[in-house]
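Reviewing the structure listed below.
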Amino acid sequence: MSHHTAAKLSRSIISRLGTRGFSVNISETTQTFARLRPAFAIRNLSTSVSPNGSPKDEKNNSISSDKSQNDKIIPSYWGVAPAKLTKEDGSAWKWNCFRPWETYTADVSIHVTKHHKPENFRDKFAYWTVQALKYPTHLFFQRRHMCHAMLLETVAAVPGMVGGMLLHCKSLRRFEHSGGWIKALLEEAENERMHLMTFIDLAKPAWYERALVFAVQGVFFNAYFLAYLASPKLAHRIVGYLEEEAVISYSEFLKDLDNGSFENVPAPAIAIDYWRLPPDSTLRDVVVVIRADETHHRDLNHYASDIQCQGHELKDAPAPIGYH
């Protein structure tokens with residue numbers, strides 16, 4: 001069969017079959033895609049938004065949200081909407097980093113000059129380790145209290161997180177309760193982080209100070225992690241002495257505020273809401289409550305070390321949860 005004859009025969013067959021064999025029924029395709037569309041949406045889409053821009057849940061119902069409270073609500077396929085929180089006066093709660101039930105009034109009557117006298121080699125090692133670490137920072141920051149406080153808080157928030165994490169893993173391994181110490185240590189870490197969030201509102205660290213935070217935090221996190229694995233009682237004692245130095249640093253801060261060497265600016269809004277301070281509070285009021293927090297952290301860590309030094313585990317003594 002010649003090439004011309006074969007081509008003519010092919011065109012004849014195609015014309016006879018028409019759309020029955022070589023075209024797609026559009027209506028059937030549309031119905032098939034409609035059936036498959038939910039599966040494609042679940043696999044390939046992270047959000048599903050209604051035509052008017054409001055988020056929808058999996059039943060294709062719009063989720064009601066208060067746009068005036070938060071203009072940056074992210075529409076979600078999963079239907080997760082932020083709760084509408086208000087203050088006692090009915091005004092909107094603007095903080096996402098903490099919630100109204102996490103606020104508290106600081107106990108400023110605590111003894112701020114208490115000191116744990118080193119009694120054995122472990123205590124002396126912890127004490128002199130802290131003393132060796134404090135001099136470089138004092139030499140670097142001098143009387144720049146705000147920058148010193150920011151570095152201090154980025155480091156002080158590490159031990160509670162490391163200790164809580166390791167106790168959490170220990171609880172899982174041993175199938176036992178922690179006596180509340182996981183929560184207590186994580187509360188300490190979160191409280192220290194809120195100190196940092198407060199100071200960030202008042203001062204902006206320079207690039208070299210940020211670099212210093214990266215370096216110090218990286219070294220300290222790993223060193224403290226290994227120390228806690230080796231000896232939790234030593235790790236808690238070190239933190240107890242670190243908190244003693246933090247109390248001294250904030251006391252020096254208060255002296256400079258009182259003698260006019262440092263400007264006593266109005267307290268940031270985040271501090272007023274977190275510590276339930278009066279609306280007209282100043283930086284001095286903020287430093288007083290932060291110093292009280294550090295004093296409580298001092299006592300908690302010395303207490304944790306004492307429990308273990310007496311031959312007990314932390315779970316044997318109830319943790320002082322909420323002890324800021």
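Structural remarks
- Within the stretch 114-130, considering residues that are free of Cβ contacts under 8 Å to residues at least 40 places away in the same chain and not acidic (Asp, Glu), the one surrounded by the fewest Cβ atoms within 10 Å (Cβ to Cβ): Lys117
- In this structure, Phe121 qualifies as modelled with pLDDT of 85 or more, aromatic (Phe, Trp, Tyr) and on the phi < 0 side of the Ramachandran plot.
- Residue, farthest from Val239 (Cα to Cα), within the stretch 278-291, restricted to residues that are touching an Asp or Glu at 6+ places or on another chain (Cβ under 9 Å) and surrounded by fewer than 20 Cβ atoms within 10 Å (Cβ to Cβ): Pro278
- Selection within the stretch 292-324 - crowded, with 24+ Cβ neighbours inside 10 Å and of a type in the set (Lys, Arg): Arg298
- Yes/no for His138 being assigned by TED's automatic domain parsing to the domain that holds Val265, surrounded by 10 or more Cβ atoms within 10 Å (Cβ to Cβ) and at pLDDT below 80: yes
- Check on Leu139, closer than 16 Å to Glu243 by Cβ, part of a helix (DSSP H, G or I) and not basic (Lys, Arg): no
- Selection of the stretch 135-161 for residues being under 13 Å from Phe220 (Cβ atoms) and among the charged types (D, E, K, R) yields only Glu153.
- Looking only at the stretch 250-284, residues that are among the acidic types (Asp, Glu) and touching a residue at least 24 places away in the same chain (Cβ under 8 Å) come to 4 in all.
- Qualifying residue in the stretch 309-319 (condition: touching a Ser or Thr at 6+ places or on another chain (Cβ under 8 Å) and either part of a loop (DSSP other than H, G, I, E, B) or more than 22 Å from Val158 (Cα to Cα) (or both)): yes
- One residue from Tyr274, Tyr208 being buried (at least 20 other Cβ atoms within 10 Å of the Cβ), among the hydroxyl-bearing types (Ser, Thr, Tyr) and either at pLDDT 95 or above or assigned by TED's automatic domain parsing to the domain that holds Cys147 (or both): Tyr274
- The residue that is nearest to Gly160 (Cα to Cα), among those in the stretch 269-305 that are outside any helix (DSSP H, G or I) and under 22 Å from the mean Cα position of the chain (by Cα), is Trp275.
- If the condition is being in contact (Cβ under 8 Å) with a residue 40 or more places away in the chain and in a loop (DSSP other than H, G, I, E, B), then the stretch 142-176 contributes Arg143, Glu176.
- Count of residues meeting criterion [in contact with a Ser or Thr (Cβ under 6 Å, 6 or more places away or on another chain) and under 13 Å from Pro159 (Cβ atoms)] in the stretch 182-231: 1
Condition check ((1) at pLDDT below 95; (2) part of a helix (DSSP H, G or I); (3) farther than 24 Å from Asn120 by Cα) across all residues:
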site	(1), (2), (3)
Val213	yes, yes, yes
Leu226	no, yes, no
Gly240	no, yes, no
Ile248	yes, yes, no
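- Test: residue in the stretch 95-108 that is at pLDDT 90 or above, assigned to a loop (DSSP other than H, G, I, E, B) and polar (S, T, N, Q): yes
- Here the condition is being exposed (fewer than 12 other Cβ atoms within 10 Å of the Cβ), among the charged types (D, E, K, R) and on the phi < 0 side of the Ramachandran plot; of Glu153, Glu176, it holds for Glu176 alone.
- Hits in the stretch 195-211 (condition: over 26 Å from Asp299 (Cα atoms) and in a helix (DSSP H, G or I)): Ile200, Trp207, Tyr208, Glu209, Arg210, Ala211
The values are calculated or read from the model by the stated rules, or taken from the named source; none is laboratory data. Small disclaimer: the values here were computed from a predicted structure and weren't measured. All Cβ positions, even for glycine, are placed from backbone atoms using ideal geometry, and neighbour counts span all protein chains on display.
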